[in-house]
Amino acid sequence: MKNYVIGLDYGSDSVRAVLIDADNGKELSSSVYWYPRWKAGAYCEPDHNQFRQHPLDHIEGLESTIREVVKSSGVAAASVKGICVDTTGSSPVPVDKHGTPLALLPAFAENPNAMMVLWKDHTAIKEAEEINELAANWGGEDYTKYEGGIYSSEWFWAKILHIVRTDAAVRAHAYSWVEHCDLMTYMLVGGENLPAFKRSRCAAGHKAMWHEDWDGLPPKAFLEKLHPYLAEVRDRLYQDTYTSDQVAGTLSAAWAEKLGLTTATVVAVGTFDAHAGAVGAGIEEYSLVRVMGTSTCDIMVAPNAVIGSKTVAGICGQVNGSVLPGWVGLEAGQSAFGDVLAWFKSILMWPLDNLIAESELLNEAQKQALLTEAERKLIPTLARQAEYLPLSESLPTALDWINGRRTPDANQALKSAFSNLSLGTKAPHLFKALVHAICFGSKKIVDRFEEEGVTIKKIIGIGGVARKSPFIMQTLANVLNRPIAVASSDYAPALGAAIYAAVAAGLYPDVATASTQLASAVEAEYYPQAEQVEKFKPLNADYEALAKFVETITAEKLAKK
């Protein structure tokens, strides 16, 4: 009997499952489930940076996608040896003492504060500032030092602190909190003993200030200075954490029946999507894997002997074993990448959506057909026209901070901006400026790694943007002045999760060996064009100048509050 493994990858908008041949990495079947409540905009207030998701979107998606890949592949249930879940993060969920999400209880079924707080939720900017102030000045260990030295509103403790200050009912009933990747894994193994459950090293180390140096999470003496609840809940969280090559348990009888599998199927410890994606792309020393979707995560690994106790300033953490067990995983990223272009698309679609809806010249079927066509063609048309605009000083300059800045030096209070607009500026000019902005933001990350002594010899792009936009990828190669390889897998994070599952199931001795055998091939490579590289230098200088100006006025504005 051949062996198969399943990777389950939760993104911001959908979850996808892939069933992989554990001998060669071949994808036999895949399935995608779009979150219906999220798609309808439920529980979110974008104007207030509130982005919440109902756990039912994820539970229903889990059952739908895995059942589909098992059924459509036709493989025997007993041949599926392992499952691993990866998710966005930090995306914590409040739970009761049994580990049940509060949002699944009748009293909290429609309360956004009882939902999963999605990674892109920035309602906790004030709380993140407090954590940073305390870490720097409380007189003890700086618990942010292995997370780049700046704690973000996108992360675990800041989000919990904001929720418990905002909602007394949630505070009273939230026995504990779990990251999204831990929640789904806990459910699959039966969810009967939360204190004994194996929590993700990746999630804890990069987002919750967990580290071996202080034997786990920050101590109660530190947390209670932020809020008594944080000190109280620490006792109901975890001490130890586990890498994703480890076994969290096996499928419970209930979930085995729902999914069409067996209780012998191993469930690996959960992880984050970008880290799994790096494994799926075949990460190795000195390579930077860019997971390019709505946001970006930039992942590297370094040997313990090389990184030692050195801390890399302004990134999103360095954690032993978060990518490859035995290696230190380094994470950086942009809070918006594809989201920058999606925002611009929504701006341009607004007149169409509203004017066509009121048209008396078209029937309803024609209206819908026209809108569907416009939405499908808008970005490709903009990209095609923007590509041929010359690189000149007349181009607008934009910032990529439409959702704040993650790296380098997290600051979610920052906003995007345009400069150098004129009467000659048209939609393709603005689109090109935004493409430049996300590429210049990427360069800041590469520069920071190298300034901190982390060598980058190879860049690999994965995700929808990397595979679907030659214009953006060529621009990025020119801005970075480096070749960029693109992984061929449609679902590199899910593939990486499947690789972890294969190791946890005992099919390979370690992740590095499994990745060598199963990781994605390269389908394209972009090389810098010398003439274009030179033309981008003054445009990058304009970006730097605008960024400095916006940082200055933002700091002045915050100081007046």
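The values are calculated or read from the model by the stated rules, or taken from the named source; none is laboratory data. Computed from a prediction, not measured in an experiment: that's the story for all the values here. As a convention, Cβ positions derive from the backbone with ideal geometry for all residues, glycine included, and neighbour counts pool all protein chains shown.
Residues in the stretch 14-44 that are surrounded by fewer than 16 Cβ atoms within 10 Å (Cβ to Cβ), in contact (Cβ under 8 Å) with a residue 40 or more places away in the chain and more than 21 Å from P493 (Cα to Cα): none. Scanning the stretch 244-292 for residues being over 18 Å from K81 (Cβ atoms) and aliphatic (A, V, I, L, M) gives a total of 9.
Looking only at the stretch 146-170, residues that are of a type in the set (D, E, K, R) and under 16 Å from L223 (Cα atoms) come to 2 in all. Among the residues making up the stretch 57-102, those that are under 16 Å from I6 (Cβ atoms) and of a type in the set (K, R) are R67, K71, K81. Being out of contact with any helix residue (DSSP H, G or I) (no Cβ under 6 Å at 6 or more places or on another chain) and free of Cβ contacts under 8 Å to residues at least 24 places away in the same chain is the filter here, so list the residues in the stretch 257-276 that pass it. Within the stretch 257-276, just E257 meets the criteria.
Only residues that are buried (at least 22 other Cβ atoms within 10 Å of the Cβ) and within 22 Å of S79 (Cβ to Cβ) were counted in the stretch 490-518, giving 17. Identify, from the list K432, K426, the residue that is crowded, with 16+ Cβ neighbours inside 10 Å and either under 25 Å from the mean Cα position of the chain (by Cα) or basic (K, R) (or both). Exactly one residue qualifies, and that residue is K432. Every listed requirement among (1) part of a loop (DSSP other than H, G, I, E, B); (2) under 27 Å from E179 (Cβ atoms) is met by N24 save one, (2). Hey, does the stretch 500-520 have a residue that's closer than 29 Å to A410 by Cα, assigned to a helix (DSSP H, G or I), at pLDDT 95 or above and in contact with a strand residue (DSSP E or B) (Cβ under 7 Å, 6 or more places away or on another chain)? Taking every residue of the stretch 500-520 in turn, none turns out to be closer than 29 Å to A410 by Cα, assigned to a helix (DSSP H, G or I), at pLDDT 95 or above and in contact with a strand residue (DSSP E or B) (Cβ under 7 Å, 6 or more places away or on another chain). When A302 is tested against (1) touching a helix residue (DSSP H, G or I) at 6+ places or on another chain (Cβ under 9 Å); (2) not assigned by TED's automatic domain parsing to the domain that holds R171, exactly one condition is not met: (1).
For (1) surrounded by fewer than 17 Cβ atoms within 10 Å (Cβ to Cβ); (2) aromatic (F, W, Y); (3) under 27 Å from E133 (Cβ atoms), each residue gets a yes or a no:
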position: K220; (1), (2), (3): yes, no, yes
position: L237; (1), (2), (3): no, no, yes
position: V266; (1), (2), (3): no, no, no
position: T271; (1), (2), (3): no, no, no
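Residues in the stretch 399-420: is at least one under 23 Å from the mean Cα position of the chain (by Cα), part of a loop (DSSP other than H, G, I, E, B), more than 12 Å from Y543 (Cα to Cα) and small (G, A, S)? Yes, the stretch 399-420 contains at least one residue that is under 23 Å from the mean Cα position of the chain (by Cα), part of a loop (DSSP other than H, G, I, E, B), more than 12 Å from Y543 (Cα to Cα) and small (G, A, S).
Screening E523 on (1) surrounded by 13 or more Cβ atoms within 10 Å (Cβ to Cβ); (2) touching a residue at least 40 places away in the same chain (Cβ under 8 Å); (3) under 21 Å from I462 (Cβ atoms) shows it passes everything except condition (1). Residues that are within 15 Å of V511 (Cβ to Cβ), crowded, with 22+ Cβ neighbours inside 10 Å and touching a Leu at 6+ places or on another chain (Cβ under 8 Å): does the stretch 284-299 have at least one? Taking every residue of the stretch 284-299 in turn, at least one turns out to be within 15 Å of V511 (Cβ to Cβ), crowded, with 22+ Cβ neighbours inside 10 Å and touching a Leu at 6+ places or on another chain (Cβ under 8 Å).
Taking the criterion of being within 13 Å of P112 (Cβ to Cβ) and among the charged types (D, E, K, R), the residues of the stretch 43-65 that qualify are E45, R52. Residues of the stretch 75-128 that are more than 28 Å from A253 (Cα to Cα) and part of a strand (DSSP E or B): V117 alone.
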